[in-house]
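S.K.: Structure below; questions to follow.
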Amino acid sequence: MRKGPVEWPTVALIFLCYAVWLLGLTVAASIWLPLGMLAVAISIALHASLQHEIIHGHPFPIQRLNEAFVFPALNLVIPFERFRDTHLAHHRDANLTDPYDDPESNFLSNRDWEALPSWARSVLRFNNTLLGRLLVGPFISQIAFLRGEVRLLRGGETAVLRGWALHGVGVGLVLWVVHSVGAMPFWAYLIAAYLALSILKIRTFLEHRAHDKYRGRSVIIEDRGILAFLFLNNNFHALHHMHPSVAWYDLPVLYARTKARVLTCNEGYVYRSYGQIFRAYFLRAKDEVVHPLWHRD
């Protein structure tokens, strides 16, 4: 649904995101440090959503130009090229939620679960509540991600090495800006970055479920509030998996037009709002850690 050669709403949002980030580092942080940290956290979360948008070919027809706009590693810990490659692998819908073949799965196989010590199982059970996902989810995800990256590096994957090398350049650029022009100490920036990753965990908390039909594994959350904006309408997630090239600002219109078909396709996996999700799962796990339908030996 590209409106023309350039999707200007996305371009404008990219510049707005960096402007809020810089204002958070400087003016807001000098007025009141928590205000600056909040502005930086929001801009980092939005930046991650923009990276997701760029991965799917927006806003320019030239993909290298798209990627150049979101190259700086504002969150410090996730290389853009590795996010790109793993997310595109995630879009192989037949593998959704697979503990091994879906890079974004939160499930474990029974074999891996049984191999964990009891304290680790307790942590992962807590992580399956929304509160746990907010508090420890970014740390757990990063550890799992790094373990996978180390395995790939040991296997000689040059794309992984390239991704991390470029990430080092991006981190260096971000740290230079924080140190040179910012009024925010480094420890405060680290907290803001972690907060941003926690915000993103709200989006991914129940984004996918275990279901015997892969078309029934992706959620629709009919929210149009601040979180939906920060996630660039990726809460219409089943629709995004059906039409990954549709721009973020077209998703609500497309959903309104095709709602009945979408909800039939995803087997009625739908929530009204993020408020409903917080009320239902803030202190209660929605899923077990072990994938209930996965039976590979």
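S.K.: Quick one: 3J(HN,Hα) in Hz for segment 75-87, Karplus 6.51/-1.76/1.60 with θ = phi - 60°, rounded, Gly and Pro as x.
M.R.: Values, residue by residue: 7, 6, 10, 10, x, 4, 5, 6, 4, 4, 5, 6, 5 Hz.
S.K.: Report Rg (one decimal) and Dmax (nearest whole number) for segment 158-297, counting Cα atoms only, units Å.
M.R.: 18.9, 54
S.K.: Placing one identical point scatterer on every Cα of segment 1-129 and ignoring solvent, what is log10 I(q)/I(0) from the Debye formula at q = 0.09 Å⁻¹?
M.R.: Results for segment 1-129 at q = 0.09 Å⁻¹ read -0.40.
S.K.: Which of H291, V178, F139 sits closest to the plus end of the dipole of the chain, meaning its Cα is farthest towards the positive end, when Lys and Arg get +1 and Asp and Glu get -1 on the C-beta?
M.R.: Most positive-ward Cα: H291.
S.K.: With a 1.4 Å probe and all protein chains left in place, how much of the accessible area of the chain comes from carbon and sulfur atoms, in whole percent?
M.R.: 65
S.K.: Still on this structure, I have one more. Long-range amide H contacts for V270: which residues qualify at under 5 Å (H placed 1.01 Å from N, peptide plane, sequence gap of 5 or more or a different chain)?
M.R.: Placed amide hydrogens put I220 under 5 Å from V270.
S.K.: Another one. Straight-line reach from K213: which aspartates and glutamates fall under 12 Å, measuring Cα to Cα and dropping same-chain residues less than 8 apart?
M.R.: Qualifying aspartates and glutamates at Cα under 12 Å: D93, E267.
S.K.: Please report the net charge: other residues with Cβ closer than 14 Å to the Cβ of I14, K and R +1, D and E -1. Each step should come with its number before you reach the end.
M.R.: Working: positive: none; negative: E7, E53, E67.
My count for the surroundings of I14 gives -3.
S.K.: Report the semi-axes of the equivalent ellipsoid for the chain in whole Å, largest first, where each axis is √(5λ) for an eigenvalue λ of the Cα gyration tensor. Present the calculation step by step, with values, prior to reporting the outcome.
M.R.: Values: eigenvalues 166, 117, 83 Å².
Ellipsoid semi-axes (Å, largest first): 29, 24, 20.
S.K.: Direction-averaged shadow area of the convex hull around the Cα atoms of segment 66-217, nm²? Don't jump to the answer; show the numbers that get you there.
M.R.: Values: hull surface 43.0 nm².
Hull-based average projected area comes out at 10.8 nm².
S.K.: Follow-up. As an exercise, find the ratio Rg/Rh for segment 1-44 from alpha-carbon atoms, using the Kirkwood inverse-distance average for Rh. Display every interim value, and only then the final one.
M.R.: Working: Rg = 13.6 Å, Rh = 11.2 Å.
Ratio of gyration radius to Kirkwood radius: 1.22.
S.K.: Return P(r) of segment 54-105 (all Cα-Cα pairs; 10 Å bins starting at 0; whole %; ordered from short to long distances).
M.R.: Histogram of Cα-Cα distances, whole percents per bin: 24, 43, 30, 3.
S.K.: If Lys and Arg each add +1 and Asp and Glu each add -1, what is the summed charge of the other residues whose beta carbon sits under 14 Å from the beta carbon of R284?
M.R.: Numbers: positive: R125, R133, R279, K286; negative: D287, E288.
Summing Lys and Arg as +1 and Asp and Glu as -1 gives +2.
S.K.: Report the percentage of all Cα-Cα pairs in segment 133-232 whose separation exceeds 17 Å, rounded to a whole percent. It would help to have the intermediate numbers written out before the result.
M.R.: Details: 3468 of 4950 pairs.
Percent of Cα pairs beyond 17 Å in segment 133-232: 70.
S.K.: Expressed as a rounded percentage, what relative contact order does the chain have, with Cα pairs under 8 Å and six or more residues apart?
M.R.: 25
S.K.: Calculate how large, on average over all directions, the projected area of the Cα convex hull of segment 113-183 is; give the answer in nm² to one decimal. Mind dumping the intermediate values first?
M.R.: Numbers: hull surface 29.3 nm².
Average projection, Cα convex hull of segment 113-183: 7.3 nm².
The values are calculated or read from the model by the stated rules, or taken from the named source; none is laboratory data. Keep in mind it's a predicted model, so treat the numbers as computed, not measured. FYI the Cβ positions are ideal-geometry reconstructions off the backbone, even for glycines, and counts take in every protein chain you see. Side chains are part of the model used for accessible areas, which takes the heavy atoms of the whole protein and leaves out ligands, DNA and RNA. Shrake-Rupley method; radii C 1.70, N 1.55, O 1.52, S 1.80 Å.
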